[in-house]
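Let me begin by presenting the structure, written as structure tokens, before commenting on it.
The values are calculated or read from the model by the stated rules, or taken from the named source; none is laboratory data. The structure displayed is predicted, hence computed values, not measured ones. Every residue, glycine among them, receives a Cβ derived from its backbone with ideal geometry; neighbour counts consider all protein chains shown. All accessible areas refer to the heavy atoms of the entire protein, side chains included, with ligands and DNA or RNA removed. Shrake-Rupley method; radii C 1.70, N 1.55, O 1.52, S 1.80 Å.
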Amino acid sequence: MVSDHPRLWLLGQFRLELPTGTVELCRNGQRVLAFLALRRRVCRTVVAGTLWPEVTEEHARGSLRTTLWKLPREEPPLIGSRGDTLLITPGLRVDVHDLAHTALGMAESGGGSPSHGEPPLGLLTGEDLLPGWDEDWVLVERERLRQLRLHALDALAEALTREGKRALAMEAAWASVRAEPLRESAHRAVIAAHLAEGNIGEAVRHYDAFRKLLQEELGVEPSPQLTRMLPVRPRLRGTPSGGDARPGRPW
């Protein structure tokens with residue numbers, strides 16, 4: 001069903017949908033619209049210099065003018081201007097903004113209250129920003145969104161554990177672990193969910209596997225904060241016990 005308002009998808013792949021249907025844009029049109037959608041308002045010189053960095057300023061501004069002229073004619077226009085500043089129309093719905101709003105809200109509120117609806121696991125574990133685009137401005141925004149998602153997943157896992165929704169809490173925690181295996185806060189959420197279920201053995205096994213990973217990859221130990229979560233003292237690597245029986249990395 002086509003929306004009455006223009007929508008732009010940047011997660012997964014670029015897609016622009018107008019009230020009249022999906023619109024195909026040239027590559028430069030996609031780049032300009034994506035850049036402005038992410039920044040909302042930017043000076044023309046910054047847009048031109050960022051998207052056409054290897055040519056003269058005059059050439060870059062000319063390429064920008066040509067690209068803007070080729071964009072679909074909408075009312076209001078997708079991109080407006082105020083002096084030397086370009087602005088994205090406020091009526092354009094952008095999936096990245098929906099993700100950022102949700103993730104920031106969850107991170108700031110400690111995961112929010114899951115009782116207000118289904119936890120947004122799909123949104124927080126969805127596709128990356130513009131996969132295959134390797135320009136610096138995309139890489140910066142992609143990493144920003146990745147960090148937002150990770151913080152939101154950690155907060156969501158903690159909130160779901162508090163609410164007693166431990167299976168969903170585990171899903172959120174494992175999604176964070178898979179996204180960044182060396183992130184201790186994600187493993188803390190997994191261990192907290194195990195302990196909430198009374199699965200002390202699972203919690204200790206996960207701690208052991210994470211500790212082994214940290215030693216192999218970084219040569220460091222888990223933080224005292226993580227170690228203190230366990231009600232029993234983990235067996236330190238190398239102590240006499242008939243061999244190291246810890247399982248391999250589970251992620």
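Can you tell me the dipole magnitude for region 1-95 around its Cα centre, using point charges on the Cβ only (Lys, Arg +1; Asp, Glu -1), in Debye to the nearest 20?
Working: 14 positive and 10 negative charges, 28 e Å.
Using only the charged Cβ atoms, the result is roughly 140 debye.
Would you mind telling me which residue in 188, 146, 44 has the biggest mean-square fluctuation in a Gaussian network model of the chain, where springs connect alpha carbons within a distance under 10 angstrom?
Maximum among the listed residues: 44.
Convert 4 °C to kelvin, take the viscosity as 1.567 mPa s, use the Kirkwood radius over C-alpha pairs of region 1-50 as Rh, and evaluate the Stokes-Einstein diffusion coefficient in µm²/s, rounded to a whole number.
Values: Rh = 11.9 Å.
After rounding, the answer is 109 µm²/s.
Would you mind telling me the share, in percent, of accessible area of the chain contributed by carbon and sulfur at probe 1.4 angstrom? Write out the running numbers ahead of the final one.
Working: 6820 of 13390 Å².
Carbon and sulfur atoms account for 51 percent of the accessible area of the chain.
Report the antiparallel proportion of the DSSP beta bridges in the chain as a percent, rounded to a multiple of 5.
Numbers: 14 of 16 bridges.
For the chain, the DSSP antiparallel bridge percentage is about 90.
Using a Gaussian network model of the chain whose springs link C-alpha atoms within less than 10 Å, name the residue from 175, 203, 60 with the highest mean-square fluctuation.
Highest fluctuation of the listed residues: 60.
Note the angle between two axes, namely the Cα long axis of helix 184-196 and the longest principal axis of the Cα atoms of the chain, as a number of degrees from 0 to 90, rounded to the nearest 10.
50
Just the number, please: Stokes-Einstein D of the chain in µm²/s, Kirkwood Rh from C-alpha pairs, 25 °C, 0.890 mPa s.
Working: Rh = 21.0 Å.
Here the translational diffusion coefficient equals 117 µm²/s.
Taking only protein heavy atoms into account and a 1.4 Å probe, give the accessible area per residue of the chain in Å². Provide the component values of the computation, followed by the final result.
Working: 13390 Å² over 251 residues.
So the chain comes to 53 Å² accessible per residue, rounded to a whole number.
Given the DSSP H assignment, sum -39500 (n - 2.57) over each helix run of at least 4 residues in the chain and divide by its residue total; what's the result at 222 nm in deg cm²/dmol, nearest 500? Each step should come with its number before you reach the end.
Working: 10 runs with 129 residues, N = 251.
It comes out at -16500 deg cm²/dmol, rounded to the nearest 500.
Under a Cβ-only charge scheme (Lys and Arg +1, Asp and Glu -1), can you give me the dipole magnitude of the chain about the Cα centre, in debye to the nearest 20?
340
Report the residue, chosen from 229, 106, 170, that carries the largest GNM mean-square fluctuation when the chain is represented by alpha-carbon nodes joined by springs under 10 Å.
229
Select from 83, 207, 168 the residue farthest towards the positive end of the dipole of the chain; place +1 on Cβ of Lys and Arg, -1 on Cβ of Asp and Glu, and compute about the Cα centre.
About the Cα centre, the residue reaching furthest to the positive side is 207.
Taking amide H positions as placed 1.01 Å from N in the peptide plane, with prolines and chain starts having none, which residues 5 or more places from residue 94, or on another chain, fall under 5 Å of its amide H?
8
Within region 1-86, report the GluC sites (Glu not before Pro) that DSSP leaves as loop and that have at most 15 other Cβ atoms within 10 Å. Each step should come with its number before you reach the end.
Details: sites: 17, 24, 54, 57, 58, 74; in loops: 24, 54, 74.
Of the GluC sites (Glu not before Pro), the ones in loops of region 1-86 whose Cβ has at most 15 other Cβ atoms within 10 Å are 24, 54.
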